[in-house]
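To keep things clear, I will list the structure first and then write my remarks on it.
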Amino acid sequence: MSAPVFELRDVSVAYGKIEAVRRVSLELGAGRIVTVIGANGAGKTTLLNAAMGILPAGGEIRFEGRALGHDSIEARVAAGISLVAEKRELFATMSVEDNLRLGAYTRPRGERVAAALEEVYTLFPRLKERRKQASGTLSGGERQMLAMGRALMARPKVLMLDEPSLGLAPRIVKEILHLVADLRRTGVAILLVEQNARAALRIADYGYVMETGSVTLHGPADTLANDPRVIESYLGFAECAA
Ligand SMILES: Nc1ncnc2c1ncn2[C@@H]1O[C@H](COP(=O)(O)OP(=O)(O)O)[C@@H](O)[C@H]1O
Ligand SMILES: [Mg+2]
């Protein structure tokens, strides 16, 4: 495999005295989908926030071979790293298109914003249909598309998604994760955090399992999906219908 575009080495994050993420290492190659699965409270969101520079972290985070050190969130976005947070912070009274335009704020004014917009509309035709509509009137699935589209407006090389399936009906979860899988064609590397392990492992190339702050298992997604420990803890029989 070629050199990873994004790499975490022994990343640790504490809230006061409580260590929520403990020496997590992972890597992500260009055009790949890597998933981090784990139960509620495992430390997934904390890990992504540290990778984005929202939370201070120990260890090392490298992008295109360069250690990010104390680089600000803005610097990371400008370098090509984007995060779609669990709370999809959209401006409800603003139109879909204006929300998308905001995603391009790191680019010099006017520079290829129109081209980026067209690209996003090609990936998410539903957003084009609704471009004049206030984003507050969108369905849950459409809001997730808008949040992803807005992140893509910055043309990131690394896109981190924090539980894009959260709160969506099973049919919509499928649709959203299909769209995430399609993003691979754009060449962006995706770090997908999910509680919905079954759906995530279906589209990912590689997976990591997090338990109480640590990575306890990792491997190719299909290997993990067939690992009895993963099946028992994360792919339980009750979920089979989803
Ligand atoms: N702002 C915070 N202050 C203190 N503890 C937090 C904070 N945010 C999360 N935690 C704790 O850190 C742990 C990991 O949380 P989180 O990263 O949100 O997990 P996940 O995203 O996997 O559900 C949990 O025990 C949670 O209660
Ligand atoms: Mg979370």
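If you look at the Cα atoms of the stretch 84-155, you get an Rg and a Dmax of 11.0, 32 Å.
Around the amide H of Val21, modelled in the peptide plane, lie the amide H atoms of Val13, all under 5 Å away and 5 or more residues distant in sequence or on another chain.
Dimensions of the chain along the principal axes, based on C-alpha atoms and rounded to the nearest Å, stand at 47, 44, 37, largest first.
Rounded to two decimals, what ratio of Rg to Rh does the stretch 1-125 give with C-alpha atoms and a Kirkwood Rh?
Working: Rg = 16.4 Å, Rh = 16.4 Å.
Taking Rg over the Kirkwood Rh, I get 1.00.
Rounded to the nearest 20 debye, the dipole size of the stretch 84-155 about its Cα centre is 60 debye, using +1 on the Cβ of Lys and Arg and -1 on the Cβ of Asp and Glu.
Calculate, for Glu60 and Thr93, the FRET efficiency according to 1/(1 + (r/R0)^6) with r their C-beta to C-beta distance and R0 35 Å; round to the nearest 0.05.
Numbers: r = 41 Å, r/R0 = 1.17.
Computed FRET efficiency for Glu60 and Thr93: 0.30.
For the chain, the relative contact order is 27 percent, taking Cα pairs closer than 8 Å that sit 6 or more residues apart in sequence and dividing their mean separation by the residue count.
Can you tell me which of 165-171, 41-47 comes out highest on packing, and rank the rest after it, using the mean Cβ neighbours within 10 Å?
Details: 165-171: 15.6, 41-47: 22.6.
Answer by packing, highest mean first, reads 41-47, 165-171.
Considering only the Cα atoms of the stretch 111-242, their convex hull presents on average a projected area of 9.1 nm².
In terms of packing, defined here as the mean over residues of other Cβ atoms within 10 angstrom, the peptides 120-126, 71-77 line up highest first as 120-126, 71-77. Rounded to the nearest 20, the Cβ-based charge dipole of the chain about its Cα centre (Lys and Arg +1, Asp and Glu -1) stands at 580 debye. Ordering Tyr208, Ile176, Gln195 by Cα displacement along the dipole of the chain toward the positive end leaves Ile176 in first place; charges were set at the Cβ atoms of Lys, Arg (+1) and Asp, Glu (-1).
Read the figures in this text as sums done on the coordinates, not as results from a lab. Please read all numbers here as calculations on a predicted model, not as lab measurements. Glycine gets a Cβ as well: all are built from the backbone with ideal geometry, and neighbour counts include every protein chain shown.
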